[in-house]
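Data first, discussion second: the structure below is written as structure tokens.
The values are calculated or read from the model by the stated rules, or taken from the named source; none is laboratory data. Quantities reported herein were computed from a predicted structural model and do not represent experimental measurements. Every residue, glycine as well, gets a Cβ built from its backbone with ideal geometry; the counts of neighbours run over all protein chains shown.
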């Protein structure tokens, strides 16, 4: 994850889910999700993986939205693979 950008992000308020695409050497793909809470430290914005009691419902909603986004991304990738396979057969 160093230096790369996430495939997608979901955010509600200060709670954010970064969705990362991963690929193994055999071409298998999967997604991982990193949940963070943004906060301001003086003039600088920072992030943490620690959540307070009042953050937890928002974390659950962001996780649900991230799950839906991952399913959408994977369906889109499968659709693209089916189109590629069909074009190769023609």
Original post:
Taking residue 29, is it in contact with a helix residue (DSSP H, G or I) (Cβ under 7 Å, 6 or more places away or on another chain) and at pLDDT below 95?
Top reply: yes
Original post:
Taking only pairs six or more apart or across chains, which ones have beta-carbon atoms under 8 Å, a first residue in region 1-13 that is at pLDDT below 95, and a second residue that is loosely packed, with under 14 Cβ neighbours inside 10 Å and not in a loop (DSSP other than H, G, I, E, B)?
Top reply: none
